[in-house]
Amino acid sequence: MSDRRSLWSNGRVAHSSLIGRSEADAYTDGTLHHVSEPPLAAICSDPSGERDRELLWGQGFNVLEVREGWAFGYSITDGYAGYIDAQSLQPTQIPATHRVSVRQTMALAEPDFKATRATHIPLSLGSEVAVKESNGTWATLIGASPVLYIPSRHLTPLETRATDPVSVAELLLGTPYVWGGNSAFGIDCSGLVQIACQACGLSCPGDSDQQMAQLGDTLDTGTPAQRGDLLFWKGHVGWVSDPDTLLHANAHSMSVTYEPLQSAIHRIAAQGDPILRHARLTPL
């Protein structure tokens with residue numbers, strides 16, 4: 001049975017790449033959209049279902065069908081399939097050029113941090129924007145209505161990649177734990193892995209079981225942990241910050257925290273969940 005999270009078909013419509021492989025009433029290449037309602041949009045399992053994951057402002061979603069106010073399609077970043085409220089999307093005419101590279105920033109209707117009555121739109125780490133120009137202090141966004149401005153130092157060109165995913169994940173220390181979350185406003189364990197990998201240009205699926213199956217090279221039991229390693233449990237994943245410390249978004253603390261590595265291993269094992277995999281990403 002195909003995993004619905006990676007199946008670009010709902011039976012009524014399917015992506016053209018599935019012709020002859022998956023039955024549907026119609027096939028299409030889809031239409032590229034992006035999240036236009038800040039700060040993010042939920043990807044749901046079905047229109048009446050619960051949130052599976054989230055897409056941040058500016059991130060791409062290929063729409064295969066719009067029906068009764070819901071867009072069915074998949075995330076451009078990782079191929080995750082599902083439904084998004086169609087009002088949260090708009091067709092992409094200008095591709096993103098930069099991403100937010102700090103924990104959070106504000107898009108302002110005036111290039112003046114003292115303009116307290118102006119529109120302030122909060123944006124998370126990983127949000128994507130199209131920049132028209134930068135005067136050194138403020139970046140002017142293309143396609144925003146009204147015109148919006150973001151501090152230039154809060155943005156990084158998309159082609160510029162971070163080199164240490166743990167450093168990216170550490171930006172989110174203290175972020176509330178939210179099931180299915182992918183942002184600085186709330187994040188879960190797999191969201192913390194994905195947002196860090198994406199900043200480094202590393203392909204990374206959305207959920208922890210997918211990540212356990214796809215990320216890195218499996219290390220032998222007993223291999224000393226080092227910074228950047230991933231440890232997987234049933235339904236959970238965390239970054240190794242240093243040989244003695246785990247960095248993870250977890251329901252135990254309800255936040256992104258550091259936890260002594262051995263304490264975390266013993267605590268989780270006491271719940272009946274031993275480590276299932278120790279993985280090491282290919283060096284950047």
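Between LEU141, LEU108, LEU148, LEU125, which is under 27 Å from TYR258 (Cα atoms) and either under 13 Å from the mean Cα position of the chain (by Cα) or not aromatic (Phe, Trp, Tyr) (or both)?
When all the criteria are applied, what remains is LEU125.
Of the numbered conditions (1) buried (at least 21 other Cβ atoms within 10 Å of the Cβ); (2) assigned to a strand (DSSP E or B); (3) within 13 Å of the chain's Cα centre (by Cα), ASP52 fails exactly one; give the number of that condition.
(1)
Collect the residues in the stretch 139-177 that are of a type in the set (Gly, Ala, Ser), under 16 Å from THR97 (Cα atoms) and not in a strand (DSSP E or B), keeping them in residue-number order.
GLY143, ALA144, SER152, ALA162
Suppose we filter ALA130, ALA139 for residues that are in contact (Cβ under 8 Å) with a residue 12 or more places away in the chain and under 25 Å from THR31 (Cα atoms); which single one remains?
Sole residue among the options that is in contact (Cβ under 8 Å) with a residue 12 or more places away in the chain and under 25 Å from THR31 (Cα atoms): ALA130.
Under 6 Å between Cβ atoms, at least 6 apart or on separate chains: pull out the pairs that start in the stretch 99-126 with a residue that is surrounded by 16 or more Cβ atoms within 10 Å (Cβ to Cβ) and end on any residue that is among the acidic types (Asp, Glu) and outside any loop (DSSP other than H, G, I, E, B).
ARG99/GLU128
Which condition number in (1) assigned to a loop (DSSP other than H, G, I, E, B); (2) of a type in the set (Gly, Ala, Ser); (3) assigned by TED's automatic domain parsing to the domain that holds MET254 is the one that GLY136 fails?
(3)
Can you work out which of the residues in the stretch 104-133 that are in a loop (DSSP other than H, G, I, E, B) and of a type in the set (A, V, I, L, M, F, W, C) is farthest from LEU55 (Cα to Cα)?
Out of the qualifying residues, it is ALA115.
Output the number of residues of the stretch 63-97 satisfying the condition of being in a strand (DSSP E or B) and touching a residue at least 40 places away in the same chain (Cβ under 8 Å).
15
Based on what the data block shows, is ASP209 closer than 24 Å to SER75 by Cβ and of a type in the set (D, E, K, R)?
Working: closer than 24 Å to SER75 by Cβ: yes; of a type in the set (D, E, K, R): yes.
Answer is yes for this residue.
Go through the stretch 64-74 and give me each residue that's surrounded by fewer than 20 Cβ atoms within 10 Å (Cβ to Cβ) and either assigned by TED's automatic domain parsing to the domain that holds CYS189 or under 25 Å from VAL129 (Cβ atoms) (or both).
The answer is VAL66, and nothing else.
Yes/no matrix, rows are residues, columns are (1) within 20 Å of ALA41 (Cβ to Cβ); (2) modelled with pLDDT under 95; (3) out of contact with any Lys or Arg (no Cβ under 9 Å at 6 or more places or on another chain):
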residue	(1), (2), (3)
GLY143	yes, yes, no
ARG153	no, no, yes
GLU159	no, no, yes
LEU172	yes, no, no
SER183	yes, no, yes
ILE187	yes, no, yes
GLY191	yes, no, no
CYS197	no, no, yes
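Going by the conditions given, is LEU192 closer than 22 Å to GLU128 by Cβ, in a helix (DSSP H, G or I) and touching a residue at least 60 places away in the same chain (Cβ under 8 Å)? Give the derivation first.
Working: closer than 22 Å to GLU128 by Cβ: yes; in a helix (DSSP H, G or I): yes; touching a residue at least 60 places away in the same chain (Cβ under 8 Å): yes.
Yes, satisfied.
The values are calculated or read from the model by the stated rules, or taken from the named source; none is laboratory data. If you're wondering where the values come from, they're calculated on a predicted model, not measured in any experiment. For neighbour counting, all protein chains shown are included, and Cβ atoms are generated from backbone atoms with ideal geometry for every residue, glycine included.
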